[in-house]
Protein chains: 2
Amino acid sequence: MSAPQARTKRTFGRPLNFKRGVIELAHGSGGRAMAQLIDELFAKSLNNPWLAQGNDQACLDLPAGRLAMTTDSYVISPLFFPGGDIGSLAVHGTVNDIAMSGARPLHLSAGFIIEAGFPLGELRRIVDSMAGAAHDAGISVVTGDTKVVERGKADGVFINTTGIGIVPDGLHLSGDLARPGDRIVINGNIGDHGVAVMSKRTDLDFAVSIVSDSAALHDLVQVMVAAAPELRCLRDPTRGGVATTLNEIARQSGVGMMIDESAIPIQPGVAASCELLGLDPLYVANEGKLVAVCGPQDVEKLLESMTNHPLGKNAALIGEVVADPHHFVRMRTGFGGSRVVDWLSSEQLPRIC
Amino acid sequence: MSAPQARTKRTFGRPLNFKRGVIELAHGSGGRAMAQLIDELFAKSLNNPWLAQGNDQACLDLPAGRLAMTTDSYVISPLFFPGGDIGSLAVHGTVNDIAMSGARPLHLSAGFIIEAGFPLGELRRIVDSMAGAAHDAGISVVTGDTKVVERGKADGVFINTTGIGIVPDGLHLSGDLARPGDRIVINGNIGDHGVAVMSKRTDLDFAVSIVSDSAALHDLVQVMVAAAPELRCLRDPTRGGVATTLNEIARQSGVGMMIDESAIPIQPGVAASCELLGLDPLYVANEGKLVAVCGPQDVEKLLESMTNHPLGKNAALIGEVVADPHHFVRMRTGFGGSRVVDWLSSEQLPRIC
């Protein structure tokens, strides 16, 4: 991402028109129009010394430790939803994937694929939102890329963010470390993100008060890691929801799980919306939630650390890891029975993130 | 990217049908279909211990040094072209952006955005090509992401790769370091990539023998860095071509440039194709080329090191850096005159990378 500071007017002539202008193919050409877009939008909004340097890569001095690296592309529709937009989501989602390793997130890259004709004003709204979320999370977007495709060859804006962070020495969290007897914990209500996005798609009146839980969880994770040395694994239940995340961990660790339906926190409005829409909230995406697996001796300390944090105040113990050669996730239901909570096998909510 | 090894058949039932199968929305759901796609395609083809671990992030032990980080999304059309495809291109392009800092490339992430209906067989061809290019470059694709959008909301496949590498201690290459008197060098013929892609788009007979120059340049860069301590800056002239790259460096460094038209290496077939298509080869994208700026005392050693390398055998001195308050790039033409080589101001070849 080229971002020289000087002589902008001289090089580019008239400034970008954020009121009525739209993205054109030339903005992805590598030439003058792209340099102007980078100068007057990306480098200005995401403002940091690496972007200002104007090279095609950022050179970073990192603290000691192992490096965590993760990538996610965001194709959510609609781009703006109650509680966030694709810009803030692209920061939170990737920060969280770094944080789930216990790492402290440091830097992001951002790759934009934009459909020609997309309004410059909306793009600025998205980039500013991204800048705000990055600032709040204490990280920088240090390098980027802009591609433009013809009308009808994309859908508004897609964003890829790739993140790096530093894992503290001696910390090893991984989805293959769950053992029978471990406890399963979640940091709060499930399903908010998916239902908030659906409410915007369908203009559902009843769901207007439901706001995405999209949030950066790295600070909560630091608190949890400090409180619970027996923490085995963290994962954020985004696409596929809590059910799929638990199945992934069960499969990776070669164990089963038993969860309690009544223990899983959910807002009444989300539960009602899911019922009306025919969605199972266990499969609905979250963007500010994490599932933790923890040795039994530390689970009380873990829960206490979580409930004292703003992003964990509704934290709950939802089940435990059991021995099961089939690696099933089972759920005790309200009627005293139990049922298998399988992997999500079709797609109930496309383009939720 | 979840990639557990065991019990694939048990978890997924029938294996993916690479002969007749297509990508469906469920392959981006986060559920069972996505896990199967990761297992049977991505993790298998890109095979390495980080993907096999099946976490949402890779944890990496890095050698000491500064970290270079860069990102690029690839939206090239068509996906397959003479000399490569979007998979190999997505490796070479990002490896090169790392290498232009003098860094040794180490790891890539890969984010796929796929249009529903895309043939599984073509996707496998792309991923295998990516795996081959990564293997040849000595790097690993350590983490990934798959998103699927509805038919008509993308164009086949878009790929983002983000790369990291280690910059050797004491090495500092940057676009703002060019000084009057420095020499400008290129490692070979210009315009091959753009013309090869255009030949495929337009079915031009005359261009059938022209093959993209797409290649990973990090090994050549190591040789150049060792030979020329006075190397100031490297940049790969992709979108916008050599003309735009020179203008970027001139602007960053606050200098002008004077290049010689007759010194710029170009294949006769590429020159003829450009003439017929109305393209200026100075603005046509390259994918295996680099422009180097070097202090005058080291330029002979630099050129010698390049011409001894397979990717630099047509290397040439094409001009020099001059003082110019307007930061113009000028070119001495065949007729004894000179003209300004401006920034690319529109888009002559959309979706070339």
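Remarks
- Buried area at the A-B interface (accessible, heavy atoms, 1.4 Å probe, summed, Å²): 7000
- Across the options B:Asn47, B:Thr307, B:Pro180, the greatest Cα extent toward the positive end of the charge dipole of the protein assembly as shown (unit charges at beta carbon of Lys, Arg, Asp, Glu) belongs to B:Asn47.
- Projecting 7 Å from Cα along the Cα-to-Cβ direction, the label point of A:Phe18 sits 4.8 nm from its equivalents in the other copies, listed shortest first.
- Reachable aspartates and glutamates from B:Lys313, criterion Cα separation under 17 angstrom, eight or more residues apart if same chain: B:Asp192, B:Asp213, B:Asp219, B:Asp236, B:Glu287, B:Glu300, B:Glu304
- For A:Leu62, distant residues with modelled amide H under 5 Å away: B:Leu67
- For the stretch A:48-67, residues shielded by at least 50 square angstrom of accessible area compared with the chain on its own, probe 1.4 Å: A:Gln53, A:Asn55, A:Asp56, A:Gln57, A:Cys59, A:Leu60, A:Arg66, A:Leu67
- Taking the accessible area of the protein assembly as shown, probe 1.4 Å, and keeping the other protein chains in place, the carbon and sulfur fraction comes to 50%.
- Take every pair of alpha-carbon atoms less than 8 Å apart whose residues are at least six positions apart; their mean separation over the length of chain A yields a relative contact order of 21 percent.
- Dipole magnitude of the stretch A:183-340, debye to nearest 20 (Cβ charges: Lys/Arg +1, Asp/Glu -1, about Cα centre): 260
- Among beta bridges that DSSP assigns inside chain A, antiparallel share in %, nearest 5: 75
- The mean of 1/r over all distinct Cα pairs in chain A, once inverted, gives the Kirkwood hydrodynamic radius of 21.3 Å.
- Other-copy label distances relative to B:Gln297, 7 angstrom Cα-Cβ extension, nm: 6.6
- Karplus-derived 3J(HN,Hα), 6.51/-1.76/1.60, for each residue of the stretch B:74-83, Hz, glycine and proline x: 10, 10, 4, 9, x, 5, 10, 9, x, x
- Near B:Ser338, the amide H atoms lying under 5 Å from its own belong to B:Thr333; only residues 5 or more places off or on other chains count, and H is placed 1.01 Å from N.
- Debye, to nearest 20: dipole size of the stretch A:154-234, +1 on Lys, Arg Cβ, -1 on Asp, Glu Cβ: 140
- Chain A: most fluctuating residue of A:Phe80, A:Phe328, A:Phe12 per GNM, C-alpha cutoff 10 Å: A:Phe12
- Highest GNM mean-square fluctuation among B:Gly138, B:Gly31, B:Gly256, for chain B modelled with Cα contacts below 10 Å: B:Gly31.
- FRET efficiency estimate (nearest 0.05) - Cβ-Cβ, B:Asn308 to B:Leu62, R0 35 angstrom: 0.70
- Inter-copy label distances at A:Ala323, shortest first and taken from points set 7 Å along Cα to Cβ: 8.3 nm.
- Take every Cα pair under 8 Å whose residues are at least 6 apart in sequence, average their separation, divide by the length of the stretch A:25-167, and the relative contact order is 39 percent.
- Check: the stretch B:25-167 dipole with +1 on Lys, Arg Cβ and -1 on Asp, Glu Cβ, in debye: 80
- The residues of the stretch A:89-185 present an accessible area of 26 Å² per residue when probed at 1.4 Å with all protein chains retained.
- Structure-based [θ]222 nm, chain A - -39500 (n - 2.57) summed over DSSP H runs of at least 4, per residue, nearest 500: -8500 deg cm²/dmol
- Choice from A:Gly336, A:Gly165, A:Gly194 with maximal GNM fluctuation in chain A (Cα, 10 Å cutoff): A:Gly336
- Subset of A:Lys200/B:Lys153; B:Lys153/B:Lys200; B:Lys147/B:Lys289; A:Lys19/A:Lys153 violating a 30 Å alpha-carbon distance limit: B:Lys147/B:Lys289
The values are calculated or read from the model by the stated rules, or taken from the named source; none is laboratory data. All values reported here derive from a predicted model rather than from experimental measurement. No Cβ is skipped: glycine too gets one built from the backbone with ideal geometry, and neighbour counts run over all protein chains shown. Just the protein is used for accessible areas: all its heavy atoms, side chains included, with ligands, DNA and RNA removed. Shrake-Rupley method; radii C 1.70, N 1.55, O 1.52, S 1.80 Å.
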